[in-house]
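**Q** Pasting in a structure now, in structure tokens, and then I'll have a few things to ask.
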Amino acid sequence: MDSEKGVELGTNLESERIVLPARVVEAKPKVPAVEPKPEPPLLGAIAKQAKLVGAVAKRVDEERWQVIRGDRVLNLTDKSRKAELDETVLFLSEPFSRRKGFFGLSDSDFENTLIPAMAPVVGSLRSGVIVIDPGHGGSEKGAVNDSLGLLEKDLNLDVSLRLQTLLKDLGYKVVLTRYDDRLVPLEERSRIANHSNAGVFVSVHFNAALNSEAMGLETYILTSIGALSTNDLNTGGDAQVWPGNAFDSLNFELGFRTHKGLIEDLQRVDRGFKRARFKVLKGLECPGILVECGFVSHSKEALLLNTPVYRQKLAESLARSLDDFAKPRRGDKSS
């Protein structure tokens with residue numbers, strides 16, 4: 001029989017299998033393809049936060065993100081409080097991490113870091129008076145290096161007097177909380193600034209640590225309401241409102257400019273732009289910062305701090321940053 005019409009009895013099995021009509025072979029049921037679940041938009045939260053301040057966010061790699069607006073670049077790292085703004089170290093109140101499945105900043109860091117970092121406040125100062133606070137004094141020696149005979153209180157006063165001269169030359173009225181080796185209570189220091197109608201306040205300090213390898217520069221501003229201070233590892237923060245918190249945004253810009261300037265000018269280890277609830281900053285009625293200008297406990301850095309040339313460079317850097325911050329905000333206010 002013609003193979004197209006069927007298969008004769010007795011035909012071998014091999015040919016039988018070949019000519020059987022395909023329609024008699026049962027097709028296996030088609031299993032619908034499983035649609036892959038889309039990856040969650042991990043950039044979503046920080047992208048929205050960036051957009052709110054006129055910036056853009058992008059993922060650099062598996063652990064790093066950037067927020068960019070104009071020439072300002074904020075680098076963030078997964079699960080870390082340590083960040084960088086324009087290659088200058090700063091610390092967040094809480095780690096940058098996933099929140100409800102999306103990477104983003106905490107509400108506190110959005111309000112108190114991202115906004116002032118991306119959109120600096122241009123608000124005016126109440127005067128052109130700059131108050132310099134040489135830390136410690138009198139019976140309070142501060143940090144000590146016995147081998148070199150270095151006392152922090154003396155270094156603080158030396159740099160402050162140098163800074164006073166430089167700022168006066170720039171046209172500022174300058175007030176010091178102490179002009180010699182005497183003890184001034186912390187509360188009195190902020191009162192002096194307030195009674196002087198200060199436009200800006202800077203407290204000058206040097207550092208020390210049990211870790212003899214610790215070295216470098218730090219700059220502090222007052223911690224924002226309800227936020228964690230940089231060295232605080234607990235959850236939650238102090239919800240009390242201090243007078244100095246009225247200037248949180250200006251504090252940020254003043255602190256960032258000053259710290260960035262110190263790192264660039266002096267080429268020292270960058271220990272970060274930080275926040276703390278120092279008593280001397282709480283009661284201020286103007287923007288204020290506290291700078292830690294180096295470690296007297298580090299053998300090599302202490303030798304540097306002991307030189308008048310280096311202390312002059314410190315004062316010059318501080319004067320430049322204070323002037324850059326104050327000049328566009330003081331108008332024609334000289335006192």
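Rundown of residues vs (1) among the β-branched types (Val, Ile, Thr); (2) modelled with pLDDT of 95 or more, yes/no style:
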site: Asn75; (1), (2): no, yes
site: Leu92; (1), (2): no, yes
site: Gly101; (1), (2): no, no
site: Thr113; (1), (2): yes, yes
site: Ile130; (1), (2): yes, yes
site: Ala143; (1), (2): no, yes
site: Leu150; (1), (2): no, yes
site: Lys153; (1), (2): no, yes
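Here is a yes/no grid of residues against (1) of a type in the set (Gly, Ala, Ser); (2) out of contact with any Ser or Thr (no Cβ under 9 Å at 6 or more places or on another chain); (3) touching a residue at least 24 places away in the same chain (Cβ under 8 Å):
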| residue | (1), (2), (3) |
| --- | --- |
| Lys51 | no, yes, no |
| Val67 | no, yes, yes |
| Leu74 | no, no, yes |
| Val131 | no, no, yes |
| Ser139 | yes, yes, yes |
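**Q** Only one of (1) in contact (Cβ under 8 Å) with a residue 60 or more places away in the chain; (2) touching a Pro at 6+ places or on another chain (Cβ under 8 Å) is not met by Ser80, so which one is it?
**A** Failed condition: (1).
**Q** Name the one entry in Gly237, Gly261, Gly244 that is under 22 Å from Ile115 (Cα atoms), modelled with pLDDT under 95 and surrounded by 16 or more Cβ atoms within 10 Å (Cβ to Cβ).
**A** Only one candidate passes the filter, namely Gly237.
**Q** Working only within the range 160-175, note down all residues that are touching a helix residue (DSSP H, G or I) at 6+ places or on another chain (Cβ under 6 Å) and surrounded by 18 or more Cβ atoms within 10 Å (Cβ to Cβ). Give the steps one after another, and end with the answer.
**A** So in the range 160-175, the residues touching a helix residue (DSSP H, G or I) at 6+ places or on another chain (Cβ under 6 Å) come out as 162-163, 166-167, 170, 174.
Listed by number, the residues that qualify are Arg162, Leu163, Leu166, Leu167, Val174.
**Q** Please give the strands (runs of 3 or more DSSP E) falling wholly within the range 42-131 in which 1 or more residues are over 12 Å from the mean Cα position of the chain (by Cα) and not assigned by TED's automatic domain parsing to the domain that holds Lys173.
**A** Qualifying strands (runs of 3 or more DSSP E): 56-59, 64-69, 72-77, 88-99, 102-104.
**Q** From Ser139, Ser97, grab the single residue that is at pLDDT below 95 and of a type in the set (Ser, Thr, Tyr).
**A** Ser97
**Q** Give Asp146, Asp154 a once-over and let me know the one that is among the acidic types (Asp, Glu), out of contact with any Leu (no Cβ under 7 Å at 6 or more places or on another chain), loosely packed, with under 15 Cβ neighbours inside 10 Å and free of Cβ contacts under 8 Å to residues at least 40 places away in the same chain.
**A** Just one listed residue meets the conditions, Asp146.
**Q** When you scan the range 285-329, how many residues do you find that are under 20 Å from the mean Cα position of the chain (by Cα) and surrounded by 21 or more Cβ atoms within 10 Å (Cβ to Cβ)? Even if it seems obvious, please write down each step before you answer.
**A** Applying the first criterion (under 20 Å from the mean Cα position of the chain (by Cα)) to the range 285-329 yields 287-294, 317-318, 321-322, 324-325.
Imposing the further condition that a residue be surrounded by 21 or more Cβ atoms within 10 Å (Cβ to Cβ) reduces the set to 287-294, 317-318, 321-322, 325.
The total comes to 13.
The values are calculated or read from the model by the stated rules, or taken from the named source; none is laboratory data. Everything quoted here is computed from the prediction, not taken from an experiment. No Cβ is skipped: glycine too gets one built from the backbone with ideal geometry, and neighbour counts run over all protein chains shown.
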